[in-house]
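Please read the structure below before turning to the comments.
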Amino acid sequence: MSKNSKQNKSRKRAKLWIAGARLRTLPLAVAPVLLGCCMPLATQTFSVVLMALALAVAIMLQIGVNYANDYSDGIRGTDAHRVGPVRLVGSGSIKPAEVKRAAFIAFAVAALAGLGIVVITQLWWLTAVGVAAILAAWFYTGGKRPYGYAGLGDVMVFIFFGLVATVGTSFIQQRYLDQTSVLLGAAAGFFACAVLMVNNLRDRVTDQHVGKKTLSVRVGATWSKVIFLLDLWLPFAIISLIGSVYHTALFGWAAVFLTAPATVIFLAAKTPKELILVLKLTSYAALLFAVIEFLVL
């Protein structure tokens, strides 16, 4: 094999791995951490180091769960006829063992960053929270009885990529629980659930055929659409409530410039493929929402 052929092969593999990491979902990891830093900034307890470590935990957990889902769904044959972007195992592009190893490496990096938080804060009970997060990430589609196949994915996403990530980030800096961080955590959780719902709605028919009973499969297309719209717009109701005390929180409504077109496209969509853009806009809306709140609250 020539040097150019090897380089081209390496570049192709690198692109596959990047695609498998599903970078479009990473805003959902960043958003709750930014929201969790809002009150520490307001109370002057903010720590750049703890924020950076929390970001590392969240991002690596997100990448880890993406690879883990790719592996688990791939070996089950769930991704054989999917509509969205190519999957590493389902497409046969990468060996299952390699994808599984990549997931565990990502989880290990997240664990190391989490250990750094524990050492700095001396809050040793956070180790149990970290273990629970990693187990939740793996058993979403992994194991003999994955909870993602039983329609419980939305609940766990709300808890871990909403409340736990946001309130946890706030708590390690302030050392106490505040109501505003809980509300912001709920907002982050609703955005994450919106992305998951539109993703599962896109794959509802194929998931149903392979026995993957996501919430979308369980409630049907009509109720899936209702739930998605509620998840998408409830964060704005939450910051309106927060805005009654902290008026600057209302600037978060600027994210409507992404959620409004996402809503229009969603309601007009005729094919599953059209929902991919809705997924992207929702993910970016969550990040914009969080960035604005981080800057103004």
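The values are calculated or read from the model by the stated rules, or taken from the named source; none is laboratory data. The shown structure was predicted, so the numbers you read here are calculated from the model rather than taken from an experiment. Reconstructed Cβ throughout: ideal geometry from the backbone, glycine too, with neighbour counts over all protein chains shown.
Determine which member of the set Leu279, Leu295, Leu287 is of a type in the set (A, V, I, L, M, F, W, C), in a helix (DSSP H, G or I), on the phi < 0 side of the Ramachandran plot and surrounded by fewer than 17 Cβ atoms within 10 Å (Cβ to Cβ).
Leu295
Taken over region 3-25, the criterion of being in contact (Cβ under 8 Å) with a residue 40 or more places away in the chain and surrounded by fewer than 24 Cβ atoms within 10 Å (Cβ to Cβ) is satisfied by Arg13, Leu16, Trp17, Ala19, Ala21, Arg22, Arg24, Thr25. Can you find a residue that is more than 14 Å from the chain's Cα centre (by Cα), in contact (Cβ under 8 Å) with a residue 40 or more places away in the chain and more than 21 Å from Pro32 (Cα to Cα) anywhere in region 152-168? For region 152-168, residues more than 14 Å from the chain's Cα centre (by Cα), in contact (Cβ under 8 Å) with a residue 40 or more places away in the chain and more than 21 Å from Pro32 (Cα to Cα): absent.
The single condition among (1) buried (at least 16 other Cβ atoms within 10 Å of the Cβ); (2) closer than 22 Å to Thr25 by Cα; (3) over 21 Å from the mean Cα position of the chain (by Cα) that Val256 does not meet is (3). Can you confirm whether Leu196 is within 17 Å of the chain's Cα centre (by Cα), touching a residue at least 24 places away in the same chain (Cβ under 8 Å), closer than 16 Å to Leu55 by Cα and crowded, with 17+ Cβ neighbours inside 10 Å? So Leu196 does not fit the description; no.
Assess whether Thr248 counts as being among the polar types (S, T, N, Q) and over 12 Å from Val198 (Cβ atoms). Don't jump to the end; show me each part of the working.
Values: among the polar types (S, T, N, Q): yes; over 12 Å from Val198 (Cβ atoms): yes.
Here the answer is yes, as Thr248 does meet what is asked.
Just checking, does region 220-230 include any residue being surrounded by 14 or more Cβ atoms within 10 Å (Cβ to Cβ), outside any helix (DSSP H, G or I) and among the hydroxyl-bearing types (Ser, Thr, Tyr)? Within region 220-230, not a single residue is surrounded by 14 or more Cβ atoms within 10 Å (Cβ to Cβ), outside any helix (DSSP H, G or I) and among the hydroxyl-bearing types (Ser, Thr, Tyr).
Go through region 131-143 and count every residue that is buried (at least 17 other Cβ atoms within 10 Å of the Cβ) and either of a type in the set (Gly, Ala, Ser) or more than 30 Å from Phe46 (Cβ to Cβ) (or both). Full working, then the answer.
Residues of region 131-143 that are buried (at least 17 other Cβ atoms within 10 Å of the Cβ), as a first pass: 133-134, 136-142.
Of the ones still in play, those that are also either of a type in the set (Gly, Ala, Ser) or more than 30 Å from Phe46 (Cβ to Cβ) (or both) are 133, 136-142.
Number of matching residues: 8.
Can you tell me which residues in region 15-69 are basic (Lys, Arg) and under 15 Å from the mean Cα position of the chain (by Cα)? Hits for region 15-69 are Arg22, Arg24. Selection of helices (runs of 4 or more DSSP H) fully inside region 1-110 by the criterion of at least 1 residues being in contact with a helix residue (DSSP H, G or I) (Cβ under 6 Å, 6 or more places away or on another chain), of a type in the set (Val, Ile, Thr) and modelled with pLDDT of 95 or more returns 27-36, 48-76.
Yes/no matrix, rows are residues, columns are (1) more than 18 Å from Met51 (Cβ to Cβ); (2) at pLDDT 95 or above; (3) surrounded by fewer than 20 Cβ atoms within 10 Å (Cβ to Cβ); (4) touching a strand residue (DSSP E or B) at 6+ places or on another chain (Cβ under 7 Å):
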site: Val129; (1), (2), (3), (4): no, yes, yes, no
site: Arg145; (1), (2), (3), (4): yes, no, yes, no
site: Val155; (1), (2), (3), (4): yes, yes, yes, no
site: Ala165; (1), (2), (3), (4): no, yes, no, no
site: Ser181; (1), (2), (3), (4): no, yes, no, no
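Could you check, for region 264-275, whether at least one of its residues is assigned to a helix (DSSP H, G or I), closer than 18 Å to Phe190 by Cα and free of Cβ contacts under 8 Å to residues at least 60 places away in the same chain? Within region 264-275 (the criterion being assigned to a helix (DSSP H, G or I), closer than 18 Å to Phe190 by Cα and free of Cβ contacts under 8 Å to residues at least 60 places away in the same chain), the answer is no, since none of the residues qualifies.
Could you tell me whether region 203-213 includes any residue that is at pLDDT 95 or above and in a helix (DSSP H, G or I)? Even if it seems obvious, please write down each step before you answer.
So in region 203-213, the residues at pLDDT 95 or above come out as none.
Within region 203-213 (the criterion being at pLDDT 95 or above and in a helix (DSSP H, G or I)), the answer is no, since none of the residues qualifies.
Residue check: Tyr176 meets all listed conditions (1) closer than 19 Å to Thr25 by Cα; (2) aromatic (Phe, Trp, Tyr); (3) not in a helix (DSSP H, G or I) but one, namely (1).
Hey, among Ala254, Ala262, Ala249, which residue is under 18 Å from Gly36 (Cβ atoms) and of a type in the set (A, V, I, L, M, F, W, C)? Walk me through it before giving the result.
Details: Ala254 fails: under 18 Å from Gly36 (Cβ atoms); Ala262 fails: under 18 Å from Gly36 (Cβ atoms).
Unique residue meeting the criteria: Ala249.
Could you check region 133-151 and list, in sequence order, the residues that are aliphatic (A, V, I, L, M) and touching a helix residue (DSSP H, G or I) at 6+ places or on another chain (Cβ under 8 Å)? Ala133, Ile134, Ala136, Ala137, listed by residue number.
State whether one or more residues within region 208-215 are surrounded by 21 or more Cβ atoms within 10 Å (Cβ to Cβ), of a type in the set (Ser, Thr, Tyr), farther than 20 Å from Tyr284 by Cβ and touching a residue at least 24 places away in the same chain (Cβ under 8 Å). If you could, list the steps in order and put the result at the bottom.
Of region 208-215, the ones surrounded by 21 or more Cβ atoms within 10 Å (Cβ to Cβ) are 212, 214-215.
Remaining after also requiring of a type in the set (Ser, Thr, Tyr): 214.
Next, from what is left, pick out any that are farther than 20 Å from Tyr284 by Cβ: 214.
Filter once more, so that each one left must be touching a residue at least 24 places away in the same chain (Cβ under 8 Å): 214.
So far as region 208-215 goes, yes, one or more of its residues are surrounded by 21 or more Cβ atoms within 10 Å (Cβ to Cβ), of a type in the set (Ser, Thr, Tyr), farther than 20 Å from Tyr284 by Cβ and touching a residue at least 24 places away in the same chain (Cβ under 8 Å).
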